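Working notes for the structure below.
The values are calculated or read from the model by the stated rules, or taken from the named source; none is laboratory data. All figures in this text were calculated on a predicted structure; none of them were measured in a lab. Reconstructed Cβ throughout: ideal geometry from the backbone, glycine too, with neighbour counts over all protein chains shown.
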Amino acid sequence: MLPVLANRRRFSDLSEQEIIALAISSEEDDARIYRQYAEKLRKDFPDSAKIFDGMAVEEDGHREALISLHKRRFGDVIPLIRREHVSGYYARNPVWLIENLGLERMRDEAQAMEQSAEAFYRKAAERTQDADTRALLGRLAAAEAGHERRAEELENQFLDDDTRSEEDKHAHRQFVLTWVQPGLAGLMDGSVSTLAPIFATAFATQNTHTTFLVGLAASVGAGISMGFTEAAHDDGVISGRGSPIKRGLASGIMTAVGGLGHALPYLIPDFWTATFIAFAVVFIELWAIAWIQNRFMETPFLRAVFQVVLGGALVFAAGALIGGG
């Protein structure tokens, strides 16, 4: 048995007391997650934060009902058992992962949390023989199933159509500023600026191995440089562009990807085969940049194509002429 599974118990082996204890700890965790979502959103999305606050209060009520049941049946000492102690038990994604993906992702995750909690309570109710316990678990399953309606009620209370539209626009704008804009700048820099050294080396040496090494060095070096520059020049506090670490990662990674795209074909030993494939990759990269500009930056498509293709053509021509000379 794998070590990670050896310390876990099967759900079917849990006693009724342990099932109730597991439900209590799960409700505590869910309430804590909702409050973290609310705290994360409170500054930029105060109305959505109120919705998660309300959902946390609902989870508190479930926990209190479960604790009262445990006291009546088993006493005051609640066994320590959590999700990670039970094999096959539904898991929660780390809050830091979800919060980095934005408002709509948090909403989707909350819905998934309620669905998995409902399934747990229905399965737990089937395992118990005590009528009161079975009735409570059934009510909690129904409550979790009804949380979608409750969320809608909270949305109607705190989040009218205009407010939601404004929050969605703000979330989209923040996503563009934090991830798309620096990533696009990196992709453009990596795709265009590395054309000259890569193709100059290719035509000067006609050696695919040397060309690949130059392309690899140029891409990785440009990625590191762009990443640190993006992270260092703006901490995001005044500009509102978000975390400098996120922007630095987006810019650095996409810069390296842009350069590696037309460097990797030179792993092929035949020079002209590698070069024609590199041409095709460059064509795809430039059109992808134009599409991203049009899709997220609202740049007219023909203008984006003209800017990107013209810039790429000039840099490529410079590299080819220098290398060929």
- Message: Going residue by residue through the stretch 303-312, is there one that turns out to be in contact (Cβ under 8 Å) with a residue 24 or more places away in the chain, more than 27 Å from the chain's Cα centre (by Cα) and surrounded by fewer than 21 Cβ atoms within 10 Å (Cβ to Cβ)?
- Response: yes
- Picking from GLY242, GLY252, which residue would you name as being in the same structural domain as ALA185 (by TED's automatic domain parsing), at positive phi and of a type outside the set (Asp, Glu)? GLY242
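How many of the residues making up the stretch 275-285 are of a type in the set (Gly, Ala, Ser) and surrounded by fewer than 21 Cβ atoms within 10 Å (Cβ to Cβ)?
1
This table checks each residue for (1) in contact (Cβ under 8 Å) with a residue 60 or more places away in the chain; (2) closer than 18 Å to GLY138 by Cβ.
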residue: ILE20; (1), (2): yes, yes
residue: TYR34; (1), (2): yes, no
residue: ALA38; (1), (2): no, no
residue: ARG42; (1), (2): no, no
residue: ALA49; (1), (2): no, no
residue: GLY61; (1), (2): no, yes
residue: GLU64; (1), (2): no, yes
residue: HIS70; (1), (2): no, yes
- Task: Tell me, yes or no, whether the stretch 131-150 has at least one residue that is hydrophobic (A, V, I, L, M, F, W, C), at pLDDT below 80 and part of a helix (DSSP H, G or I).
- Result: yes
- Among the residues of the stretch 229-239, is there at least one that is closer than 14 Å to VAL192 by Cα, buried (at least 16 other Cβ atoms within 10 Å of the Cβ), in the same structural domain as PRO182 (by TED's automatic domain parsing) and out of contact with any Cys (no Cβ under 8 Å at 6 or more places or on another chain)? no
- Task: Please verify whether the stretch 253-267 includes one or more residues that are surrounded by fewer than 20 Cβ atoms within 10 Å (Cβ to Cβ), among the aromatic types (Phe, Trp, Tyr) and over 23 Å from the mean Cα position of the chain (by Cα).
- Result: no
- Query: Among (1) under 20 Å from the mean Cα position of the chain (by Cα); (2) of a type outside the set (S, T, N, Q); (3) at pLDDT below 90; (4) surrounded by fewer than 18 Cβ atoms within 10 Å (Cβ to Cβ), which single condition is GLY186 missing?
  - Reply: (4)
